[in-house]
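Values in this text are rule-based calculations from the coordinates and carry no lab data. What you see is a predicted model; the values in this text were computed from it and never measured. No Cβ is skipped: glycine too gets one built from the backbone with ideal geometry, and neighbour counts run over all protein chains shown.
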Amino acid sequence: MTVSPRGRAAAVVAFAASLGLALGACGPTSGGSSSSSSSVGTTAAGPHTVPDAALGTIVENGKGFTLYRFDLDTAKPSASHCTGQCAIQWPATPAVSASNVTGIDHKLLGTVTGTDGHQQLTLDGWPLYTYAQDGKPGDTHGQGVGGTWWAVTPSGAKAMTGSASPGGNGY
């Protein structure tokens, strides 16, 4: 099979983006405290809402990758329970400045501090993640994985229109 230079470049960009997401937030994210603020971290491009034909309106990060929530986490108090191999497959979404977020009520944004000191973005208390198997912006391959991972809506709820993958622990 011959791959065009344009296709090869797109694959390299997608790989670099997913590698950056995986390496940027693989540390432990459990425990710690939570906060809610209109300024919730760094000034990187932030989440925004997008329509999805199957899931309705969902949230993506600043690079266009779908954000997910995990049923084994808690929202009140905010706590991540995705560590080890889970954190490699489901990188934590770094905190961003609320001024970079569009389509989401800023009062619903917050952070949770992991034991490694990194700030993870929360939405209505739920820690947010990307999925390493989402190879390009707009992918929603993490929807329903293990019956515990869900694309997140602008209110922090689960996007439930999609089907769940059978069995497994989600990573």
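Side notes on the structure shown:
- If only residues of the stretch 59-79 that are in a loop (DSSP other than H, G, I, E, B) and out of contact with any strand residue (DSSP E or B) (no Cβ under 6 Å at 6 or more places or on another chain) are counted, the one that is surrounded by the most Cβ atoms within 10 Å (Cβ to Cβ) is 65.
- Close pairs from the stretch 123-139: first at positive phi, partner among the small types (Gly, Ala, Ser) and surrounded by fewer than 18 Cβ atoms within 10 Å (Cβ to Cβ), Cβ under 7 Å, at least 6 apart: 124/75; 124/155; 125/75; 138/64
- Cβ-Cβ under 7 Å pairs, at least 6 apart or on other chains, the stretch 52-78 side more than 18 Å from residue 135 (Cα to Cα), far side hydroxyl-bearing (Ser, Thr, Tyr) and part of a strand (DSSP E or B): 57/49; 70/129; 73/80; 77/34; 78/34; 78/122
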